[in-house]
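Chemist: Input: one structure, supplied below.
The values are calculated or read from the model by the stated rules, or taken from the named source; none is laboratory data. From a predicted model like this one, the values you see are computed outputs, not experimental measurements. Using ideal geometry, Cβ is built from the backbone for each residue, glycine included, and neighbour counts are taken over all protein chains shown. Heads up: the accessible areas ignore ligands, DNA and RNA and are worked out on the full protein's heavy atoms, side chains in. Shrake-Rupley method; radii C 1.70, N 1.55, O 1.52, S 1.80 Å.
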Amino acid sequence: MPRGEIDLTFDFAAVPGGYGWIFPKGDHLNVGIYAPSSATGLTRDRLLSYVSQRVKTATLDGVIGQYLGIGAGGCETEYVQPEMRDRVLLVGDAGGFVDPLTGEGIYGALLSGQAAACAILSERSGEGTAVEAFAAGLSDYRQTLRFSVRAAAAFYANPARGFRAMRVPFVRRSLVKTYTHGLNIKSLSMRIALSQC
């Protein structure tokens with residue numbers, strides 16, 4: 001298939017509870033599959049089959065797989081051994097700061113990294129423990145991640161319904177602004193509440 005015929009694609013039928021994508025990038029294509037759970041049976045062979053099927057090529061370079069860290073909306077110290085919880089702060093994928101609805105993790109990585117740095121500086125200046133400051137600095141984002149868990153479950157249970165909702169201009173604008181501006185779920189809730197007045 002000529003590269004010019006391939007457009008930016010999100011494929012919500014690629015894997016249950018996830019999606020596939022094709023991103024044209026100049027001289028190559030970025031093609032992949034996101035699944036929020038290893039229970040989907042996503043393997044390298046399945047990825048290769050998907051790429052071959054969608055892009056119509058047998059020549060593939062740079063094929064990699066990566067587990068995403070999801071779960072920071074839950075227990076704040078779940079991934080840290082109990083005896084280390086007063087001195088270890090996990091950020092980014094290691095801390096589970098990937099959004100379970102979109103699979104996007106750069107924002108959560110940057111935000112959690114900044115929160116960890118601020119928490120350490122806070123403890124060094126005697127303003128409380130780093131663990132407490134880290135938890136406080138990320139409480140709004142953890143709330144957003146908890147919302148994303150529920151939204152992902154609803155969206156991926158019936159993608160057609162999710163697409164219909166995204167066609168409603170207010171819903172689309174609110175979600176896009178919330179995600180692109182790094183607003184928290186409280187901001188989204190306020191927008192929805194104000195629109196109902």
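Chemist: Calculate the all-directions average of the projected area of the chain's alpha-carbon convex hull, and give it in nm².
Modeler: Result: a mean projected hull area of 14.2 nm².
Chemist: For labels at Ser37 and Ala165 in the simple 7 Å Cα→Cβ model, what's the distance in nm?
Modeler: 1.9 nm
Chemist: Something else: Taking every pair of Cα atoms in segment 97-164, average 1/r, invert it to obtain the Kirkwood radius, and report Rg/Rh to two decimals.
Modeler: Here Rg/Rh amounts to 1.17.
Chemist: Could you work out the relative contact order of the chain? I mean the mean sequence separation of Cα pairs under 8 Å and 6+ apart, divided by the number of residues, in percent. If you can, show how the numbers build up before the last one.
Modeler: On the way: 227 pairs, mean separation 27.5, N = 197.
It rounds to 14 percent for the chain.
Chemist: Would you mind telling me which residue in Thr178, Thr57, Thr40 has the biggest mean-square fluctuation in a Gaussian network model of the chain, where springs connect alpha carbons within a distance under 10 angstrom?
Modeler: Thr57
Chemist: Under a GNM of the chain (C-alpha, springs under 10 Å), which listed residue has the highest mean-square fluctuation: Gly65, Gly113, Gly20?
Modeler: Largest GNM mean-square fluctuation: Gly65.
Chemist: Taking only Cα atoms, what is the 0 to 90° angle, nearest 10, from helix 169-180's long axis to the longest principal axis of the chain?
Modeler: 60 degrees
Chemist: Are there trypsin sites (Lys or Arg not before Pro) in segment 1-56 that DSSP marks as loop and that have at most 13 other Cβ atoms within 10 Å, and which are they?
Modeler: Of the trypsin sites (Lys or Arg not before Pro), the ones in loops of segment 1-56 whose Cβ has at most 13 other Cβ atoms within 10 Å are Lys56.
Chemist: Out of Gly96, Gly41, Tyr67, whose Cα points farthest toward the positive end of the dipole of the chain (charges: +1 Lys, Arg; -1 Asp, Glu; placed on Cβ)?
Modeler: Gly41
Chemist: Simple spin-label model, 7 Å along Cα-to-Cβ: Ile120 to Ser49 in nm?
Modeler: About 4.5 nm separates the two model spin labels.
Chemist: Using a 1.4 Å probe on the protein chains only, how many percent of the accessible area of segment 39-117 belongs to carbon and sulfur?
Modeler: 57 percent
Chemist: Ranked by accessible surface with a 1.4 Å probe, highest first, in what order do Ile120, Ile22 come?
Modeler: Ranked from most to least accessible, the order is Ile120, Ile22.
Chemist: Taking the chain as a Gaussian network, Cα atoms linked when under 10 Å apart, which of Ala130, Ala160, Ala119 shows the biggest mean-square fluctuation?
Modeler: So, out of Ala130, Ala160, Ala119, the one fluctuating most is Ala160.
Chemist: Please work out the average accessible area per residue across the chain, using the 1.4 Å probe convention, and give it in Å².
Modeler: Details: 12100 Å² over 197 residues.
On a per-residue basis, 61 Å².
Chemist: Angle between the Cα long axis of helix 44-55 and the longest principal axis of the chain, 0 to 90 degrees, nearest 10?
Modeler: 50 degrees
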